[in-house]
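Worksheet: the structure to be examined is printed underneath.
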Amino acid sequence: MTERTVVHLLRHGEVENPEKILYGRLPGYHLSALGRQMADRAGAYFETRDVVHLVASPLERAQETAEPIAKVTGLPIVTDARVIESENVFEGQRFGVGDGSLRHPSVWKHLVNPFRPSWGEPYAQVAWRMHAAAEDARDAARGHEAVIVSHQLPVWIARLAAEHRRFVHDPRKRQCSLASVTSLHYDGDELVSVSYAEPAADLLPGANKVAGA
């Protein structure tokens with residue numbers, strides 16, 4: 001019988017971002033009070049599971065989301081830059097049709113190719129680094145479970161790759177809510193299935209729409 005291992009990709013909780021900035025990889029963006037509640041829910045969700053390895057993106061919001069899990073499991077947080085947020089040329093800006101930023105000709109060159117995408121890190125590169133990190137976490141947790149705290153786009157792209165789906169998508173339709181858990185199930189080295197859960201589902205109605213999550 002081969003070993004069954006699960007690697008959970010956890011999106012961080014809500015971020016304090018009153019100006020609705022596309023913060024991306026910028027430092028200094030921390031969880032909001034609601035985001036910390038979401039992180040606590042994630043901690044409670046994993047407290048009764050067989051988690052033996054804990055990884056987080058180096059960004060503050062991911063590290064803070066990992067803290068309750070570290071507390072209930074007694075595990076150290078392993079920082080892995082491979083699970084960081086994706087690069088985006090609009091980082092640091094308020095971005096959208098409503099605020100007029102898309103009307104400026106200077107940004108149009110970044111919007112010409114949604115397949116790559118032309119405004120940021122190639123989806124294929126995101127998928128590669130996320131799955132490389134997941135496989136290392138799988139190896140560290142053989143026969144048990146691991147948690148990787150990351151960000152919406154990297155988690156979603158990792159899921160699309162796992163399910164052999166096209167990377168091009170509508171960001172509004174990602175099934176990857178705040179503090180959600182996308183789980184990669186391995187049979188030995190083989191990825192055999194993907195599942196999804198929302199430990200903080202009841203907190204989502206109170207969340208603000210934030211950018212760069």
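The values are calculated or read from the model by the stated rules, or taken from the named source; none is laboratory data. No experiment lies behind these values; they were computed from the predicted model shown. Backbone-built Cβ (ideal geometry, glycine too); neighbour counts: all protein chains shown. Surface accessibility is based on the protein's heavy atoms, side chains included, excluding ligands, DNA and RNA. Shrake-Rupley method; radii C 1.70, N 1.55, O 1.52, S 1.80 Å.
Close Cβ contacts (under 6 Å, 6 or more residues apart or on different chains) running from residues in region 138-167 that are at positive phi to residues that are open to solvent by 30 Å² or more (accessible area, probe 1.4 Å) comprise Gly143/Glu3.
Across region 39-53, the qualifying residues are those that are more than 16 Å from Thr65 (Cβ to Cβ) and β-branched (Val, Ile, Thr), and the one among them that is surrounded by the fewest Cβ atoms within 10 Å (Cβ to Cβ) is Thr48.
Tell me whether region 68-79 contains one or more residues that are more than 28 Å from Gly188 (Cβ to Cβ) and touching a residue at least 40 places away in the same chain (Cβ under 8 Å). The answer is no; no qualifying residue exists.
Take the conditions surrounded by fewer than 19 Cβ atoms within 10 Å (Cβ to Cβ), on the phi > 0 side of the Ramachandran plot and not basic (Lys, Arg) and apply them to Gly28. Does it pass? Lay out the reasoning, then the answer.
On the way: surrounded by fewer than 19 Cβ atoms within 10 Å (Cβ to Cβ): yes; on the phi > 0 side of the Ramachandran plot: yes; not basic (Lys, Arg): yes.
Here the answer is yes, as Gly28 does meet what is asked.
Let me confirm something: among Ser183, Ser177, which residue is assigned to a loop (DSSP other than H, G, I, E, B) and on the phi < 0 side of the Ramachandran plot? Explain how you work it out, then say what you get.
Working: Ser183 fails: assigned to a loop (DSSP other than H, G, I, E, B).
Every option except Ser177 fails the conditions.
So in region 115-141, with the set limited to residues that are surrounded by 13 or more Cβ atoms within 10 Å (Cβ to Cβ) and assigned to a loop (DSSP other than H, G, I, E, B), which one is modelled with the highest pLDDT? Taking the candidates together, the pick is Ala141.
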